Amino acid sequence: MNKTQLLQGTLDLLILRILELGPNHGWGISSRLQQISQEGLKTSQGSLYPALHRLEMRGEVRSEMTASENNRRARVYTITRAGRKRLNQETETWEAFALSMRRVLEEGQ
Amino acid sequence: MIARLFATLRGLLDRYRIEGEIAEELRDHLEREIEAHRSRGLSAEESRRLALRDLGGLMQTIESTRAVRATWLDTVWRDVAYAARVLRRSPRFTATALTLLVFGIGSTTAIVSIAYAVLVRPLPYADANRLVFLAEKEGSANFDDWRRRAKSFEGIAGSLADSVIRRGSQFPQQVDSRNVTVNFFGVLGTTPFQGRLFHESDARPDAAPTAVLSHAFAIREFGSAQAAVGQTLTMSGRAYTAIGVLPPGFRYMTMADVYLLLEPFVAANYRGMQNRLNHTALYAVARLKPGVSVTAARAEMQTIAAALGLEYPATNRGSDNPACCVYIVPLADRIVGDMAPTLTVVAGAVVLLLLIACVNLAGLLLNKSASRADEFGIRAAIGGSRWDLIRQLLIEQALLVLIGGVLGAVAGAAILSALVGLAPREMPRLDEIHLDLVVLSWTTIVSCACAFLFGIVPAVKASSVSGQEVVVRSGRGATRSAAALRQAVMLAEIAVATVLLSGAGLMVHSMVRLARVDPGFDPNNLQTVMFALTGPQWPDARRQVFYNAVVERLRALPGVENVALTTAMPILGSNWWTVFNTQGKTAEHWISTGEFPNADTVLVTASYFDTLRIPLVKGRYFDQTDTPNSAPVAIVSSNVARKFWPNEDPLGQQIRQGFPSDPFGPWRTVVGIVGDVRQQGVDRNATPQLFMPVIQVPRATVFTIVRTRETVSASSIEAAIHDLDRNVSVFNDRTVDQLMRDSSSRRRIAMIVLSAFGVVAVLLAAIGVYGVIAQAVAERRREIGVRMALGATGGQIRGLFLRHGLIVVAVGIACGVGAALAAARSLASLVFGVTVTDPATLSAVAALLTVVTLLACYMPARSATRVDPLEALRSE
């Protein structure tokens with residue numbers, strides 16, 4: 001099991017980060033996440049969709065049903081201004097946290 | 001924040017669409033995932049299995065995604081559904097609570113709305129708190145002097161309610177009018193809706209007659225306010241030009257459709273405003289200068305009155321204190337006038353009723369939460385948060401109060417229209433009354449506060465009990481403090497019921513007394529109409545002939561026993577008050593006694609006394625020998641005789657109207673003395689009456705009073721008069737009975753409201769007492785079982801609870817009587833023939849309440865003795 005379990009609360013951050021790259025649908029977000037993290041992070045798809053809808057309820061992403069290839073309709077998510085703002089805040093928080101973690105861990109070696 | 005709110009709202013609107021889309025979205029995901037797996041060479045079946053596993057099950061994911069969309073509204077909705085179930089499951093509790101709420105909110109809202117509209121809401125005039133009402137206490141013409149001398153006011157305007165006959169297309173029509181001074185509308189601060197109001201130039205003697213119309217009249221007669229301006233109205237023989245229309249709903253004291261100028265009216269009818277004698281009472285309204293108080297204005301007016309008293313001793317020396325002659329009050333007080341005490345009492349009663357309803361509701365909720373203590377405890381024990389519990393209860397009670405509020409508003413509207421129907425037509429500001437939404441929200445808030453306070457506080461306390469305690473205490477019911485609270489509730493109920501019932505008792509007592517008063521005539525079976533013979537086509541001689549013809553014609557109608565004509569309707573009273581002098585007595589003589597002879601002057605036909613059944617004391621009634629050409633005669637009431645001829649025989653005395661210095665009319669011989677008549681209303685003392693034959697003093701407007709053996713409709717009387725002359729206008733048909741009812745309506749409203757509320761209050765108190773004792777019995781079943789097992793008799797067990805009840809009842813009634821005595825003053829102007837602290841009434845009320853409440857104690861106490869000791873012990 002080399003795939004790291006996601007830390008609580010980080011899923012939102014990851015989704016927002018991926019959407020910042022461009023609008024995407026749920027499956028796309030999921031596969032993009034695995035791709036970018038080089039399979040290092042894998043989210044349970046069961047929690048991906050509730051998280052997406054929660055973000056939409058909070059106004060941090062918006063979605064649209066769009067026609068996609070082979071005659072299906074897909075829900076495409078786009079990051080909003082509020083979403084970008086949160087992403088920036090959380091990224092800073094996360095980086096500060098990660099830095100502190102690394103310092104403590106490296107100091108301890 | 002805004003974005004979130006917007007998303008929430010959109011989420012709600014899009015709910016159904018989104019539900020379907022979630023499934024579609026996830027299916028799309030699955031298909032993509034399957035394709036991805038297949039592209040890596042997996043079998044279709046394996047791809048599908050893996051995709052579904054990764055998604056964590058299609059249905060579960062749909063469900064958890066949808067759950068994200070749930071908002072606080074869904075949570076509240078769940079609570080509401082639960083609350084509705086709780087209320088449905090205890091129908092008796094819900095029905096009782098709703099009844100209390102509907103009654104409390106409904107009646108309070110209705111009555112406080114009326115009281116607010118009549119007593120509190122500012123008058124519909126600009127800056128109305130600077131308006132004062134001015135009148136002379138004794139009739140003389142000081143108006144012009146006031147205007148010249150008073151410095152407290154921006155303006156003083158006079159006005160008189162009147163009516164004019166308008167020549168219509170078919171029959172002449174009576175129109176309510178008001179004669180006003182030129183500055184009247186200016187003083188009131190009224191602006192025209194259409195056209196203009198009166199100018200100084202309209203009051204010049206040579207000016208063309210002008211009229212201002214009410215909005216309703218303009219619409220009714222001419223279709224619109226615009227169309228009305230410039231129209232010509234022929235009224236009482238003169239052509240008036242309508243110059244303007246007032247704003248809708250404009251009213252001063254009485255409703256009037258036409259406003260005419262007072263100055264020409266006074267000049268025509270009263271020999272000018274300068275005449276200090278035989279002047280019709282003129283009421284004035286004045287606007288205080290900014291910063292001048294009513295007290296300061298009153299002081300100034302009294303100084304002026306005193307000065308006038310010195311300058312015109314013959315007319316302005318009313319009594320020893322010349323300052324008495326001015327009456328000045330804020331206009332609002334005057335307009336509300338007589339109704340204020342009634343409304344205060346009724347509003348007080350209804351507040352007490354709301355109090356009792358709230359107290360009962362409180363008792364009900366206390367019981368309810370006591371019986372649910374276990375539920376709350378268990379919920380707390382299994383991890384329900386305090387906030388969950390409080391929110392649940394809040395929603396339960398909000399639901400209750402909401403339903404109660406809606407039904408209460410409906411009930412309030414019904415009660416309001418019933419009460420407005422009961423009110424006399426002359427009731428001030430009747431047209432301004434409507435169900436007041438502010439009042440409705442206040443009564444609902446009060447009920448809400450009461451429900452929350454008594455429903456939630458005990459429950460929260462219960463919820464703080466540890467789960468273990470609940471399990472151990474299991475089913476032992478309410479605590480000591482809850483029992484004490486319930487007793488306090490019971491005590492308050494009894495006290496409030498005592499107050500209401502005392503008021504009701506006093507009013508019923510007054511009405512009985514009033515019904516027993518002998519008005520001096522027989523008021524039953526009298527139908528009346530009024531007719532007017534106005535205009536130059538009606539010289540005195542023609543009127544006299546017409547009077548006789550009317551009497552003969554109506555007497556011939558089937559069912560008619562007798563017919564009389566008079567200028568003073570019984571109960572409404574005469575509006576012609578005169579001073580008269582007697583031959584052989586000088587002005588100095590009367591000044592030394594302090595009072596000139598005076599009386600209400602009533603013009604009547606010979607048949608008047610027979611028709612009204614006013615007894616003859618001495619001498620004779622008027623008869624056929626009294627004609628326009630025979631010697632002038634008069635009849636006086638007994639009190640005139642007693643007061644002004646204490647030591648002489650009034651028969652044969654010569655009298656003449658007016659002061660000795662300015663008499664008018666011929667000398668008349670007193671030919672008869674009749675019984676005193678309560679001409680101004682049954683509840684007023686009989687005033688001195690001077691009767692003269694109408695045949696000798698013809699008048700344009702007279703009342704026809706018909707004594708009937710069986711019902712004779714006003715329309716048949718009207719038709720009979722029109723048979724004689726179809727141009728005569730006939731109006732104001734009423735029975736004397738109706739007049740008497742109208743005249744006592746203030747008291748009747750107070751009596752009906754107090755009695756109805758009193759009965760309800762007693763019932764509520766009885767229910768409350770019953771509930772408290774029954775609860776006590778239920779809680780002490782085990783104790784009773786033990787006592788009975790140890791040999792206590794049924795009587796001893798009953799005594800246990802009766803004693804307990806008796807103490808609370810006695811204290812409650814004592815408090816109630818105390819409060820009733822304190823509140824009695826508010827009834828002072830409404831009671832008749834009894835004192836407000838009438839011991840008989842108060843003891844009767846106390847006795848009645850004791851019986852009722854003890855009965856309410858006895859019933860549950862008796863059931864206590866039916867407890868089976870074995871069963872009571874086992875049930876623990």
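Using R₀ = 41 Å, calculate the FRET efficiency as 1/(1 + (r/R₀)^6) where r is the Cβ-Cβ separation of B:Asp127 and B:Tyr312; round to 0.05.
0.75
For B:Thr234, enumerate residues with amide H under 5 Å from its amide H, sequence gap 5+ or separate chain, H modeled in the peptide plane.
Amide H to amide H, under 5 Å and 5 or more residues apart or across chains, B:Thr234 pairs with B:Arg167, B:Tyr240.
Just how large is the dipole of chain B about the Cα centre, in debye to the nearest 20, putting +1 at every Lys and Arg Cβ and -1 at every Asp and Glu Cβ?
Computed about the Cα centre, the dipole is about 2020 debye.
Let me know the longest stretch in chain B that avoids all trypsin sites (Lys or Arg not before Pro) found in a DSSP loop with at most 15 other C-beta atoms within 10 Å.
B:272-424
How far, in nm, would the chain grow between B:Val545 and B:Asp176 when pulled straight, counting 0.36 nm per residue and subtracting the alpha carbon separation?
130.1 nm
So how do B:Cys358, B:Cys815, B:Cys857 line up by other beta-carbon neighbours within 10 Å, fewest first?
B:Cys815, B:Cys358, B:Cys857
Could you pull out every residue, at least 5 positions away or on a different chain, whose amide H is within less than 5 Å of the one on B:Asn598? Hs are placed 1.01 Å off N in the peptide plane, and Pro or chain starts have none.
Result for B:Asn598 returns B:Phe580.
Taking the C-alpha atoms of chain B, how large are the radius of gyration and the largest Cα-Cα span, Dmax, in Å?
38.4, 142
With θ set to phi - 60° and the Karplus curve 6.51 cos²θ - 1.76 cosθ + 1.60, what are the ³J(HN,Hα) couplings of the stretch B:35-48 in order, to the nearest whole Hz, using x for Gly and Pro?
So the J values, rounded to whole Hz, are 4, 4, 4, 4, 5, 8, x, 7, 6, 4, 5, 5, 4, 5.
Taking the Cα-to-Cβ direction at B:Ser843 and at B:Arg149 and moving 7 Å from each Cα, how far apart do the two end points lie in nm?
Result: 5.6 nm between the two label points.
Go ahead and collect, in residue order, the members of the stretch B:491-518 whose backbone nitrogen is under 20 Å from a label point 7 Å along the Cα-Cβ direction of B:Thr835.
The answer is B:499, B:502-514, whose backbone nitrogens lie closer than 20 Å to the label point.
Normalised by the residues of chain B, what does the relative contact order come to in percent, with Cα pairs under 8 Å and at least six apart?
Relative contact order for chain B comes out at 15 percent.
Taking the Cα centre of the protein assembly as shown as origin, work out the dipole magnitude from +1 charges on Lys and Arg Cβ and -1 charges on Asp and Glu Cβ, in debye rounded to 20.
The dipole of the protein assembly as shown has a size of about 2160 debye.
Grab the beta carbon distance between A:Glu95 and A:Ser31, set R0 = 22 Å, and tell me the FRET efficiency rounded to 0.05.
For R0 = 22 Å, the calculated efficiency reads 0.30.
Once phi is turned into θ = phi - 60°, what whole-Hz ³J(HN,Hα) does the Karplus curve with 6.51, -1.76 and 1.60 give for every residue of the stretch B:849-854, x standing for Gly and Pro?
Couplings: 5, 4, 4, 4, 6, 5 Hz.
Net charge within 13 Å of B:Met788 by Cβ-Cβ distance, Lys/Arg positive one each and Asp/Glu negative one each, not counting B:Met788 itself?
Here the count lands on +3.
With 10 angstrom as the radius, rank B:Val164, B:Val728 by how many other C-beta atoms surround their C-beta, starting from the fewest.
Lowest count first: B:Val728, B:Val164.
Output ³J(HN,Hα) for the stretch B:398-414: one whole-Hz value per residue in order, computed from phi by the Karplus curve 6.51 cos²θ - 1.76 cosθ + 1.60 with θ = phi - 60°, and x for Gly and Pro.
Karplus values, whole Hz, x for Gly and Pro: 4, 4, 4, 5, 5, 4, x, x, 5, 5, x, 5, 5, 4, x, 4, 5.
Below 8 Å, C-alpha to C-alpha, sequence gap of six or more: please give me the relative contact order for the stretch B:172-247 in percent.
35
Which aspartates and glutamates have a Cα less than 17 Å from the Cα of B:Lys289, not counting those fewer than 8 places away in the same chain?
Counting by Cα, and skipping residues close in sequence, B:Lys289 has these aspartates and glutamates nearby: B:Asp127, B:Glu154, B:Glu300.
Using a cut-off of 12 Å between beta-carbons, work out the net charge of the residues near B:Thr566 (Lys and Arg +1, Asp and Glu -1, B:Thr566 not included).
Within the 12 Å Cβ shell, the charges total 0.
Just grab the label-to-label distance for A:Glu107 and B:Ala227, each label 7 Å out from Cα along the Cβ direction, in nm (one decimal).
9.6
If you consider only alpha-carbon coordinates, what radius of gyration and Dmax does the stretch A:10-108 have, in Å?
Gyration radius and largest Cα-Cα distance of the stretch A:10-108: 15.3, 57 Å.
Near A:Glu20, within a Cβ-to-Cβ distance under 15 Å, what is the net charge of the other residues, with Lys and Arg +1 and Asp and Glu -1?
+3
At 7 Å along Cα-to-Cβ for each site, give me the label-to-label distance between B:Glu375 and B:Arg726 in nm.
Between B:Glu375 and B:Arg726, the label points sit 7.7 nm apart.
Once R0 is set to 22 Å, what does the formula 1/(1 + (r/R0)^6) return for the Cβ-Cβ distance between B:Gln537 and B:Ala216, expressed as a FRET efficiency to the nearest 0.05?
0.10
How far is helix B:339-371 tilted off the main Cα axis of chain B, in degrees rounded to 10, range 0 to 90?
Once rounded, one gets 10 degrees.
Amide H of B:Glu154 versus every other amide H placed in the peptide plane: which residues, excluding those fewer than 5 positions away on the same chain, fall under 5 Å?
Counting only residues 5 or more places away or on other chains, the set is B:Arg287, B:Leu288, B:Lys289.
Would you kindly calculate the translational diffusion coefficient of the stretch B:773-832, applying Stokes-Einstein with the Kirkwood radius from alpha carbon pairs, for 25 °C and a viscosity of 0.890 mPa s, and quote it in µm² s⁻¹ without decimals?
Answer from the Stokes-Einstein relation: 170 µm²/s.
Each value in this text was obtained by applying a stated rule to the coordinates, not by laboratory testing. Predicted model only: the values in this text are computed from it and were never measured. Every residue, glycine among them, receives a Cβ derived from its backbone with ideal geometry; neighbour counts consider all protein chains shown.
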